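Below is one structure, written out as structure tokens, with a few remarks after it.
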């Protein structure tokens, strides 16, 4: 009996040691996404200081802050599609939000694997806590897209309070509506913390896309009361939203520290697009434009990351990167091989952050948002974007040409004020030709926003998925 017990104990210890070694070699991934948070809002960005964000700032101080961090679209659903697939969403026809009445076609392409798919196949526990906005039909549900656990909502926006009133799009847990929550920001963080605790002995992926700081401007008195010195009511309520978000991020970071996993967890925080300043006061700092435009204010976002012991602390990196890079970076961290048929557009950033590579990760970054387009190559940006004269609606129709464009040197003119299109014809042609070549690989949108129809009519597809 004693020999048998000894052998069983030895086998158990060897198995446990093997599991722990495997877990140590496969880091956790915590991906936190804010909604409509402008480039200028985090105090670590240095533009506004009226709303302290110490917890989010700590990620930058413990790792890297990307001053030229971008997303591949200027609003919600398209950038989330790019984030979860590592591909330009225009490759998939996922160019727009669906609007209040989603078209039948709306949903993240089922022909493309997600971040959750990849990590679940590699043996990770996978959880999604917060907003989806990637399809309402059953086949698009997060539980069907590689995530073991989903606690959140499927639509594009949600109330923070009085969840019972949101009957058409309830907060749900794996498909079952949640009876009651006090505040969505707190609830999403609490469920993510619970998930991390439950899976602390195995590798995990936690995707936490908060609906904060998207409207409506609903906050709790305990958060709003921190900002009694802010006289403007809209700004004060926004401050409450952002302060609650920072506290929620703090609770996630605290749990990672509590389980002793800081040096074994890659943590990324960013926003899905620039701030809609007029609606909720979310500042884009010195940048021109807002959410739903291809100006810098629509696509350049707060973007920070840490991995203690792997990414050197206190870095400020001005090389242009994009949210498409998160998936290949996470895969590389977890030593998950990338297959060529995934057709990833993103780049593994780890060798750039460790100093192994000094060059920019991308030769160029691209945008197409109906008639709004842009390309950034080095310090140069060629752009056609919505203005007061040319609204988002007027520029909705897909345009494949490169007429009516403007050219800016972002190193000298971050606010896109000095149009150099007439002074730099060779540079304009270089960028225009590069954009046309990139666009030839895209397809037309599968749906339009609002009630404008399910697809752009009368235009031949440029490529297949």
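The values are calculated or read from the model by the stated rules, or taken from the named source; none is laboratory data. For clarity, every value in this text was computed on a predicted model and none was experimentally measured. Cβ atoms come from the backbone with ideal geometry, glycine included; neighbour counts cover every protein chain shown.
Taking the conditions exactly as written (surrounded by 19 or more Cβ atoms within 10 Å (Cβ to Cβ), assigned by TED's automatic domain parsing to the domain that holds residue 90 and not in a loop (DSSP other than H, G, I, E, B)), does residue 160 satisfy them or not? For residue 160, the condition - surrounded by 19 or more Cβ atoms within 10 Å (Cβ to Cβ), assigned by TED's automatic domain parsing to the domain that holds residue 90 and not in a loop (DSSP other than H, G, I, E, B) - is not met.
Assess whether residue 454 counts as being at pLDDT 95 or above, in a loop (DSSP other than H, G, I, E, B) and not assigned by TED's automatic domain parsing to the domain that holds residue 319. Explain how you work it out, then say what you get.
Details: at pLDDT 95 or above: no; in a loop (DSSP other than H, G, I, E, B): yes; not assigned by TED's automatic domain parsing to the domain that holds residue 319: yes.
Taking the combined requirement at face value, the residue does not satisfy it.
When residue 418 is tested against (1) touching a helix residue (DSSP H, G or I) at 6+ places or on another chain (Cβ under 6 Å); (2) over 25 Å from residue 80 (Cβ atoms); (3) modelled with pLDDT of 95 or more, only condition (1) is not met. For residue 205, the test of being under 18 Å from the mean Cα position of the chain (by Cα), touching a residue at least 60 places away in the same chain (Cβ under 8 Å) and buried (at least 17 other Cβ atoms within 10 Å of the Cβ) is passed. Among the residues of the stretch 276-307, those identified as under 17 Å from the mean Cα position of the chain (by Cα), in a loop (DSSP other than H, G, I, E, B) and under 23 Å from residue 52 (Cβ atoms) are 276, 282, 284, 301, 302. Against the definition (surrounded by fewer than 16 Cβ atoms within 10 Å (Cβ to Cβ) and either more than 22 Å from residue 274 (Cβ to Cβ) or in contact with a strand residue (DSSP E or B) (Cβ under 8 Å, 6 or more places away or on another chain) (or both)), how does residue 229 come out, yes or no? Yes, satisfied. Annotation: residue 360 fulfils all but one of (1) more than 22 Å from residue 436 (Cβ to Cβ); (2) assigned to a loop (DSSP other than H, G, I, E, B); (3) at pLDDT 95 or above; the unmet one is (1). When residue 273 is tested against (1) under 25 Å from residue 348 (Cα atoms); (2) surrounded by fewer than 24 Cβ atoms within 10 Å (Cβ to Cβ); (3) out of contact with any strand residue (DSSP E or B) (no Cβ under 8 Å at 6 or more places or on another chain), only condition (2) is not met. The lone criterion from (1) crowded, with 23+ Cβ neighbours inside 10 Å; (2) not in a loop (DSSP other than H, G, I, E, B) left unmet by residue 331 is number (1).
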